[in-house]
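Structure first, commentary second.
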Amino acid sequence: MGFIPIILVFFLTLIIWAILNYNSFVAKKTSAELIGFQREKLINQRSVDLLELNTLLRINALTMPDVLIQLANEPEKTTPISLDEHLSVIRQLAETTAGLAENPDFRQKMKSLMASEPQIKDMDRKYRSAIADYNKQVREKPSKFVAQVFGFKNI
């Protein structure tokens, strides 16, 4: 009779621990997915801005560097040279073309692209960190047991 309360307390503690771990898994996975969604949104916006910038350059009979065209068409690819260097080439082309540097659409697109690159890098860093944090919890014992029971896997 004396062991029943001890066993009940042990199992209740175990159940509470499992519930807390489950909630932690859900919160970390949701956070990683939300950050990933925001990252994708920024990357897609950069792609749209690059395509619109390419259109503005074509109107003025200028060509955009091939790497930027590829980045606009395949947003997930990373460029070997930073976007800032390519945009500085475009800015130099615009300065030699009459009227393009004063074009408000051109200035707005350039400003948007210059501002988006640090945001994308920051979101990418946050996304990788959130994924690593979630995966670490899924892999390490004793949380690994709860992850297996509820079907959580590495991302």
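Read-outs: derived from the displayed coordinates by stated rules, not from any lab. Remember, predicted model here, so these are calculated numbers, not experimental data. With ideal geometry, Cβ positions are generated from the backbone for all residues, glycine too; neighbour counts draw on all protein chains shown.
Just a few scattered comments:
- Applying 1/(1 + (r/R0)^6) with r as the Cβ-Cβ distance of Thr55 and Ser88 and R0 = 30 angstrom yields a FRET efficiency of 0.90.
- Within the shell of other residues whose beta carbon sits under 12 angstrom from the beta carbon of Asp105, the net charge comes to 0, with Lys and Arg scored +1 and Asp and Glu -1.
- In the distance distribution for the stretch 99-154, Cα-Cα pairs more than 17 Å apart total 60 percent.
- Exposure proxy ranking, count of Cβ atoms within 10 Å, fewest first, for Ile59, Ile35, Ile120: Ile59, Ile120, Ile35
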